[in-house]
Amino acid sequence: MASKLKNAQLDAKKALEAVEEQFQTLQILNEQGEVVNEAAMPNLTDEQLQELMRRMVYTRILDQRSISLNRQGRLGFYAPTAGQEASQLASQFALETEDFILPGYRDVPQIVWHGLPLSQAFLWSRGHFEGMNIPEGVNVLHPQIIIGAQYVQTAGVALGMKKRGTKAVAITYTGDGGTSQGDFYEGINFAGAYKAPAIFVIQNNQFAISTPREKQTAAKTLAQKAVAAGIPGIVVDGMDPLAVYAATREARERAINGEGPTLIETLTYRYGPHTMAGDDPTRYRTADLDNEWEKKDPLVRFRKFLENKGLWSEEKETEVIEQAKEDIKEALKQADAAPKQKVTDLMSIMYEEMPQTLKEQYELYKEKESK
């Protein structure tokens with residue numbers, strides 16, 4: 001049986017508590033839509049507040065429609081986003097056009113609002129290569145399927161920006177489960193060592209597929225993992241769009257001023273399944289927990305805030321909903337009109353100069369496709 005050290009040099013409990021106490025949750029709007037932290041209020045105009053709400057409502061409709069389309073077999077892979085609108089859209093809203101987004105697979109809304117045509121997002125879901133034929137000037141990469149890999153990529157993109165002297169940032173997202181991947185730490189550590197202008201967002205939606213957050217790590221917060229990489233970290237109420245915007249905007253300012261990366265943990269929740277590929281959240285989440293988080297709904301909270309300021313109404317919301325439905329309908333038409341994907345298409349775009357072995361196969365497939 002091990003005995004206690006008589007002259008221990010470390011009070012482990014006290015040292016850990018000292019770290020944990022630094023990571024208090026930033027909140028500006030409470031669940032009733034009331035401002036509880038006036039000092040942290042971001043400098044947004046009435047028009048910007050309305051635009052942020054418009055995007056959140058629009059994206060909720062896009063999510064509902066995408067789930068329906070997936071069930072109809074008209075979309076392929078899809079990861080629901082309802083509940084995470086504040087975390088996703090308020091962070092993107094804090095960016096500039098020149099900033100670069102490296103999304104995870106749930107982060108399609110951010111790249112759509114950053115300029116990717118909705119029709120291409122639908123094609124990406126279907127696995128069509130035209131889905132990620134990204135237009136010139138739209139600074140996004142395709143959604144990353146490998147969990148955590150986007151963190152390493154973001155460190156590299158951000159370092160490239162620094163070496164070129166670009167006044168812009170690279171931002172990426174992962175879930176709470178992604179923080180258990182080696183790529184997560186490698187990314188934040190590399191960016192920290194080189195003071196690369198990166199923003200790393202952890203969307204802590206409480207479950208990595210079916211694994212609850214408390215089984216992912218012994219750390220009290222995920223943001224405190226920034227300490228090991230020597231970079232700043234912050235915990236934000238991820239159902240509060242104003243808090244998410246404020247934290248992201250501040251991180252961006254530090255980054256472009258040469259102060260390096262920031263790790264942001266947003267406390268949020270996904271109301272639907274992990275993906276539409278057979279996940280059943282009722283097997284690992286209780287109805288009580290769902291109800292608890294529904295009371296924190298970012299759309300409800302922000303709606304109350306704007307209505308109290310006279311900036312939002314049922315009529316405005318109806319207009320947004322109808323516009324979203326029309327846009328989705330048109331984007332689907334465009335996606336459906338895309339040429340059927342062929343094997344020779346994939347082979348021809350894979351290499352600048354096709355290897356001889358593939359040239360032979362190319363001719364075989366070309367002959368088959370011509371029949």
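The values are calculated or read from the model by the stated rules, or taken from the named source; none is laboratory data. Computed from a predicted model, the values in this text were never measured in an experiment. Using ideal geometry, Cβ is built from the backbone for each residue, glycine included, and neighbour counts are taken over all protein chains shown.
Looking at 41, 56, just one residue is touching a strand residue (DSSP E or B) at 6+ places or on another chain (Cβ under 8 Å) and farther than 24 Å from residue 153 by Cα, and that residue is 41. Can you work out which of the residues in segment 65-104 that are among the aromatic types (Phe, Trp, Tyr) and part of a loop (DSSP other than H, G, I, E, B) is surrounded by the fewest Cβ atoms within 10 Å (Cβ to Cβ)? Here the residue is 77.
If you go through segment 171-185, how many residues are among the hydroxyl-bearing types (Ser, Thr, Tyr), in a helix (DSSP H, G or I) and buried (at least 23 other Cβ atoms within 10 Å of the Cβ)?
Kept after step one, since they are among the hydroxyl-bearing types (Ser, Thr, Tyr), are these residues of segment 171-185: 172-174, 179-180, 185.
Of the ones still in play, those that are also in a helix (DSSP H, G or I) are 179-180, 185.
Next, only the ones that are buried (at least 23 other Cβ atoms within 10 Å of the Cβ) stay: 179.
Within segment 171-185, residues that are among the hydroxyl-bearing types (Ser, Thr, Tyr), in a helix (DSSP H, G or I) and buried (at least 23 other Cβ atoms within 10 Å of the Cβ) number 1.
To keep it simple, each residue is scored yes or no on (1) buried (at least 18 other Cβ atoms within 10 Å of the Cβ); (2) among the aliphatic types (A, V, I, L, M); (3) in contact (Cβ under 8 Å) with a residue 60 or more places away in the chain; (4) in the same structural domain as residue 83 (by TED's automatic domain parsing).
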position	(1), (2), (3), (4)
260	yes, no, yes, yes
269	yes, no, yes, yes
309	no, no, yes, yes
313	no, no, no, yes
323	no, no, yes, yes
348	no, no, no, no
367	no, no, no, no
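In segment 280-320, how many are within 24 Å of residue 267 (Cα to Cα) and among the acidic types (Asp, Glu)?
6
Whenever a residue of segment 33-62 is under 19 Å from residue 247 (Cα atoms) and in the same structural domain as residue 110 (by TED's automatic domain parsing), its partners that are of a type in the set (Phe, Trp, Tyr) and part of a loop (DSSP other than H, G, I, E, B), lying with C-beta atoms within less than 8 angstrom and at least six residues away or across chains, give the pairs 53/312.
Looking at segment 258-371, the helices (runs of 4 or more DSSP H) lying wholly inside it that each contain 2 or more residues that are of a type in the set (Asp, Glu) and under 27 Å from the mean Cα position of the chain (by Cα) sit at 287-294, 314-336.
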